Amino acid sequence: MELDKHYEAKECEKRWLSYWLKEKLYRFDPDSKAEVYSVDTPPPTVSGVMHMGHAFSYAQQDFIVRFQRMRGKNIFYPWGFDDNGLATERYVEKKCNVKATKMDRQEFIKLCLKETKEVEEKLKQDWGSLGLSPEWDRNYRTIDEWARKTSQRSFIDLYNQGREYRKEAPTIWCPRCETAIAQVELQDKELSSHFSDIVFKMENGDDIIIATTRPELLPSCVAVFVHPDDSRYKDLVGKKAKVPLFEQEVPIIADKKVDMEKGTGIVMCCTFGDLMDIDWWYAHKLPLRVSITKDGRMNDLAEKYEGMPIKDARKEIIDDLKGSKLLVKQEDITHSVNVHERCGTDIEFLVTKQWFIKYLDLKDDFIKAGRKIKWYPDHMRVRYEHWIQGLQWDWCISRQRYFGVPFPVWYCCKCGEVVLADDTQLPVDPLKDKPKDKCKCGSDIFEPEKDVLDTWATSSLTPEIALKWREDKKFFSKMFPMSLRPQAHDIITFWAFNTVVKAWLHEKKVPWKDIMISGHALDPKGKKMSKSKGNAIDPMKMMENYSADCLRFWAAGSKLGDDLPFMEKDLVTGKKFITKMWNASRFVLMHLEGFQGEKPKELHPLDRWLLSKLNTIVKVATETFERYEYSRTKAEVEKFFWQVFCDNYLELVKDRLYNQDDYGDDAVISAKYTLSHSLLTMLKLFAPITPFFTEGIYQVYFAGFEGKKSIHISGWPEHDKKLHDENAEKTGDLVVAMTSAVRKAKSEKSLSLNAPVKKLTIEADEKALKPVLKDIQAITKAEKIEFGEAEMEIGEGLKITISL
């Protein structure tokens, strides 16, 4: 029944990890009648390693899962790996020295699944070493056969609803990745640039000045716009201007969307520089002049600049404008530019043929859906709603990449009809497979769709993938919506929104009841961690130096949704806490030798004091955990452990334990009962946050006592109204106040705490304190205690005089 003298974290964590897996402690029981608590787990990418941000947010979601498991719920906590995307494609190409586009797509997918399997096993070990508690055998991969089938099934369902369409239109384009991207994949980046005032010549030889940040788009200029109320330029409307260097004549048009205060108040419209260009192009039926290629170079429309990268062409055109005296002035500016979030490249707008999900007409529905979900913290819902309100594009779901989930689509070569795969064929690859039936026109000659689905079109289906949507209707209807989506705040617009969209379009339901949004782990200076900046901190190294429990202790120090700078001193604090709790547990268990859990006839007043205060902590911890406020749970329990249990109660109870004959059997049984109950309760309250060392202590004594395999399925402490005792709390607080005052008086005279107090005079409620006089005498070392007038007020209704 003894704990080892010193806590060996590495040995303990290894032992309990192995034990939990062997005992299948986290297995979901589909036949159980217990309430289900299901988690839509964020699948990490397999091309990377676990970084500190992962450790931070995944630990926080695990706090909640472990708490709910201890509440007796049947936990459905699958684990996914995101191996569908550019990162995986690049990883496998590099590792195997192959090129995806040179291989059969299905063969490349098989290669990706094979090569990432090894990485996934290593990642599982890393995530497991953090103490995460999913059901590791219940997993999915976002490019495996089932995920591809679910994604293609989703596409077909939405197409049949009339929610998907394909058209040639201006599209957000990444020249580096050479693919269309969705609005959600845009990121604002502050970049240095120039406002260039350029001369356009009128038909009569007059000059007009137009300010632009993108002179390289001059070959794509199709019109010039002024505001109809701008008196400076009213006479220009209806006339034509000649574009410098390229000489095409363009009309001057009035439009109220022109900002008269910006630049010179005259704007050129090019196809396409921004969303306003697209609006004007549609509204005024302007011609199309595209001068940029899909890989970000100038085409033949740019004449002598053909083949140049965009930024090189910008520099050359500015030099030529200067040489031709067509550049009036340049002004240095810093402005926000849309870049592709994956690679950081400035985006362009190109006319390409793409697939879209039509959803701009449902913006109000998505906002209402978001309000059906409980957001933790609540203010994060504002980000979700702001994103929806700012949506300007339908969701572009096609990508000009080779690796990914193929569209289950062919086009009839005779009549152009879109032909969908049959459900029995899924998952299908149109490059390799054929439609099940002929086209309605009778033709059996088809052209396959070569594009693949946007990765978010599949990742937005994680609830459907995990719950066997359209495959096991009984299971899906029982489990959907899921209980919780945990995720970080930076992907509210990506993952949270798109998952709501898919659930709403397919099921007219929200995908989860709750969503918990974590913040980011920052470096010690509050900056975002990044390998390139050299400020990334390896969580595996920190766990090696300290322990997984210490790292989790740090992660629990942040309020949900807040970013938290990483401070190694917080791990040191965690280590001190664990050491102290281990040592306190050794002391307690040593004195529980032979104790069988019997209750005393009457609890000692100081035991009632401790149990009443602990009962309040149980209530607070339960309520805060239910609200996902794990940081408050941690703070309250930690404070109770240090200040109430260790600093005071253990000191107060020692005399009863060491001098049992002076107190009587019932008072001793009361002490042992209280020590056992309070230690077990504190271990359970901290178990979701620090699962390893709490398990280690529990197994030494309490597992056999309770007859449970693990602390993590032993049951959460229950708040008991009967334990609330205001009188006992007042008595105990008076004793603590006296003890603190005596300690302080001895310290001020440089005396040891064991130095005797000749006389302690107490002016207080004698009736309340008489039952604990022996305890007061023992802890203060008072040779004599008497009640009477005293000099020093140390609390409400309490004065004492200390004679040393």
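Note down all Cβ pairs under 8 Å where the first residue falls in segment 248-266 and is within 28 Å of residue 301 (Cα to Cα) and of a type outside the set (Val, Ile, Thr), the second is open to solvent by 50 Å² or more (accessible area, probe 1.4 Å) and assigned to a strand (DSSP E or B), and they're at least six residues apart or on different chains.
Close Cβ pairs (under 8 Å, with a partner that is open to solvent by 50 Å² or more (accessible area, probe 1.4 Å) and assigned to a strand (DSSP E or B)) amount to 248/242; 249/240; 249/242; 251/240.
Does any residue of segment 550-565 turn out to be buried (at least 20 other Cβ atoms within 10 Å of the Cβ), over 30 Å from residue 728 (Cα atoms) and touching a Lys or Arg at 6+ places or on another chain (Cβ under 6 Å)?
For segment 550-565, residues buried (at least 20 other Cβ atoms within 10 Å of the Cβ), over 30 Å from residue 728 (Cα atoms) and touching a Lys or Arg at 6+ places or on another chain (Cβ under 6 Å): present.
Given the options 509, 502, name the one that is of a type outside the set (Asp, Glu) and open to solvent by 20 Å² or more (accessible area, probe 1.4 Å).
Checking each option against the conditions leaves just 509.
Which condition number in (1) assigned to a loop (DSSP other than H, G, I, E, B); (2) open to solvent by less than 80 Å² (accessible area, probe 1.4 Å) is the one that residue 753 fails?
(2)
Determine whether segment 541-554 contains at least one residue that is farther than 27 Å from residue 9 by Cα and not in a loop (DSSP other than H, G, I, E, B).
No.
Go through segment 682-719 residue by residue and tally those that are in contact with a Leu (Cβ under 9 Å, 6 or more places away or on another chain), assigned to a loop (DSSP other than H, G, I, E, B) and under 19 Å from residue 644 (Cα atoms).
Matching residues across segment 682-719 total 1.
Write out, first by first residue and then by second, each pair whose Cβ atoms fall under 8 Å of each other, whose residues are 6+ apart or on separate chains, and whose first residue, in segment 306-318, is without any contact (Cβ under 8 Å) to a residue 60 or more places away in the chain while the second is hydroxyl-bearing (Ser, Thr, Tyr) and open to solvent by less than 50 Å² (accessible area, probe 1.4 Å).
Hits for this filter: 316/305.
Using beta carbons and a limit of 7 Å, which pairs, at least six apart or on different chains, have the first residue in segment 411-437 and under 10 Å from residue 153 (Cα atoms) and the second one part of a loop (DSSP other than H, G, I, E, B) and open to solvent by 50 Å² or more (accessible area, probe 1.4 Å)?
Going by the 7 Å Cβ cut-off, the qualifying pairs are 422/436.
Return yes when residue 528 is within 26 Å of residue 382 (Cβ to Cβ), open to solvent by less than 30 Å² (accessible area, probe 1.4 Å) and not aliphatic (A, V, I, L, M) and no when it is not.
Against the criterion (within 26 Å of residue 382 (Cβ to Cβ), open to solvent by less than 30 Å² (accessible area, probe 1.4 Å) and not aliphatic (A, V, I, L, M)), residue 528 does not qualify.
If I ask for residues that are farther than 15 Å from residue 557 by Cα, under 19 Å from the mean Cα position of the chain (by Cα) and open to solvent by 10 Å² or more (accessible area, probe 1.4 Å), which ones from segment 38-69 would you list?
Hits for segment 38-69 are 42, 43, 45, 47, 48, 49, 51, 54.
Quick check on this structure: which one of 219, 244 is in a loop (DSSP other than H, G, I, E, B), at pLDDT 95 or above and open to solvent by less than 20 Å² (accessible area, probe 1.4 Å)?
Working: 219 fails: in a loop (DSSP other than H, G, I, E, B).
Residue meeting the stated conditions: 244.
Taking segment 1-49 only, how many residues are aliphatic (A, V, I, L, M) and under 26 Å from residue 464 (Cβ atoms)? Give the derivation first.
Going through segment 1-49, the residues aliphatic (A, V, I, L, M) turn out to be 1, 3, 9, 17, 21, 25, 34, 36, 39, 46, 49.
The next check asks that each one be under 26 Å from residue 464 (Cβ atoms); those that pass are 34, 36, 39, 46.
Here the count works out to 4.
Restricting to segment 390-422, count the residues that are touching a Lys or Arg at 6+ places or on another chain (Cβ under 7 Å) and surrounded by fewer than 22 Cβ atoms within 10 Å (Cβ to Cβ).
5
Please give the number of the condition residue 561 fails out of (1) touching a Pro at 6+ places or on another chain (Cβ under 7 Å); (2) assigned to a helix (DSSP H, G or I).
Residue 561 satisfies every listed condition except (2).
Would you mind telling me which numbered condition in (1) outside any helix (DSSP H, G or I); (2) open to solvent by 10 Å² or more (accessible area, probe 1.4 Å); (3) modelled with pLDDT under 90 residue 162 fails?
Just one mismatch for residue 162, condition (3).
Among the residues of segment 62-108, write down those that are over 25 Å from residue 482 (Cα atoms) and β-branched (Val, Ile, Thr).
Scanning segment 62-108 gives 88, 92, 98, 101.
Could you grab me the full set of residues in segment 476-494 that are open to solvent by 10 Å² or more (accessible area, probe 1.4 Å) and assigned to a helix (DSSP H, G or I)?
Across segment 476-494, the qualifying residues are 476, 477, 478, 489, 490, 491, 493, 494.
Hey, any hits in segment 578-594 for a residue that's part of a helix (DSSP H, G or I) and under 30 Å from the mean Cα position of the chain (by Cα)?
The initial filter retains those residues of segment 578-594 that are part of a helix (DSSP H, G or I), namely 578-590.
Filter again for under 30 Å from the mean Cα position of the chain (by Cα), leaving 578.
Checked segment 578-594: at least one residue is part of a helix (DSSP H, G or I) and under 30 Å from the mean Cα position of the chain (by Cα).
Considering each of 758, 767 in turn, give the residue that is in contact with a strand residue (DSSP E or B) (Cβ under 9 Å, 6 or more places away or on another chain) and open to solvent by 40 Å² or more (accessible area, probe 1.4 Å).
758
Search segment 193-213 for residues that are within 16 Å of residue 226 (Cα to Cα) and pair each with any residue that is among the basic types (Lys, Arg) and open to solvent by 40 Å² or more (accessible area, probe 1.4 Å) when their beta-carbon atoms are under 7 Å apart and the residues are at least 6 apart or on different chains.
Between residues of segment 193-213 that are within 16 Å of residue 226 (Cα to Cα) and residues that are among the basic types (Lys, Arg) and open to solvent by 40 Å² or more (accessible area, probe 1.4 Å), the close pairs are 197/329; 200/242; 201/242; 202/239; 207/201.
Determine whether segment 356-373 contains at least one residue that is closer than 28 Å to residue 177 by Cα, outside any loop (DSSP other than H, G, I, E, B), in contact with a Cys (Cβ under 7 Å, 6 or more places away or on another chain) and not β-branched (Val, Ile, Thr). Spell out the reasoning first.
Step one: list which residues in segment 356-373 are closer than 28 Å to residue 177 by Cα, which gives 356-360.
From the residues that got through so far, the ones that are outside any loop (DSSP other than H, G, I, E, B) too are 356-357, 360.
With the extra rule that they be in contact with a Cys (Cβ under 7 Å, 6 or more places away or on another chain), the set shrinks to 356.
Now restrict to residues that are not β-branched (Val, Ile, Thr): 356.
The answer is yes, given that some residue of segment 356-373 is closer than 28 Å to residue 177 by Cα, outside any loop (DSSP other than H, G, I, E, B), in contact with a Cys (Cβ under 7 Å, 6 or more places away or on another chain) and not β-branched (Val, Ile, Thr).
Can you find even one residue in segment 280-287 that is under 26 Å from residue 333 (Cα atoms) and in a loop (DSSP other than H, G, I, E, B)? Even if it seems obvious, please write down each step before you answer.
Keep residues of segment 280-287 that are under 26 Å from residue 333 (Cα atoms), which gives 280.
Imposing the further condition that a residue be in a loop (DSSP other than H, G, I, E, B) reduces the set to none.
No, because not a single residue in segment 280-287 is under 26 Å from residue 333 (Cα atoms) and in a loop (DSSP other than H, G, I, E, B).
Identify all residues within segment 531-549 that are within 27 Å of residue 133 (Cα to Cα) and either of a type in the set (Gly, Ala, Ser) or open to solvent by less than 70 Å² (accessible area, probe 1.4 Å) (or both); write none if there are none. Step through it out loud before you land on a result.
We begin by selecting, within segment 531-549, every residue within 27 Å of residue 133 (Cα to Cα); these are 536-549.
Passing the criteria: 536, 537, 539, 540, 542, 543, 546, 547, 548, 549.
Within the group 234, 167, which residue is touching a residue at least 24 places away in the same chain (Cβ under 8 Å), open to solvent by 70 Å² or more (accessible area, probe 1.4 Å) and among the charged types (D, E, K, R)?
167
Rundown of residues vs (1) in contact with a Cys (Cβ under 9 Å, 6 or more places away or on another chain); (2) of a type in the set (Lys, Arg); (3) open to solvent by 30 Å² or more (accessible area, probe 1.4 Å), yes/no style:
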{"residue": "688", "(1), (2), (3)": "no, no, no"}
{"residue": "693", "(1), (2), (3)": "yes, no, no"}
{"residue": "710", "(1), (2), (3)": "no, no, no"}
{"residue": "733", "(1), (2), (3)": "no, no, yes"}
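Taking segment 727-737 as the search range and keeping residues that are in contact (Cβ under 8 Å) with a residue 40 or more places away in the chain and either among the charged types (D, E, K, R) or not in a helix (DSSP H, G or I) (or both), which one is nearest to residue 648 (Cα to Cα)?
733
Would you check which residues across segment 398-429 are more than 14 Å from residue 151 (Cα to Cα), in contact with a Ser or Thr (Cβ under 9 Å, 6 or more places away or on another chain) and assigned to a strand (DSSP E or B) and list them?
Hits for segment 398-429 are 399, 412.
What do you reckon, is residue 437 farther than 30 Å from residue 56 by Cα and open to solvent by 20 Å² or more (accessible area, probe 1.4 Å)?
Criteria met by residue 437.
The values are calculated or read from the model by the stated rules, or taken from the named source; none is laboratory data. Remember, predicted model here, so these are calculated numbers, not experimental data. Note: ideal-geometry Cβ built from the backbone for every residue, glycine included; neighbour counts use all protein chains shown. Side chains are part of the model used for accessible areas, which takes the heavy atoms of the whole protein and leaves out ligands, DNA and RNA. Shrake-Rupley method; radii C 1.70, N 1.55, O 1.52, S 1.80 Å.
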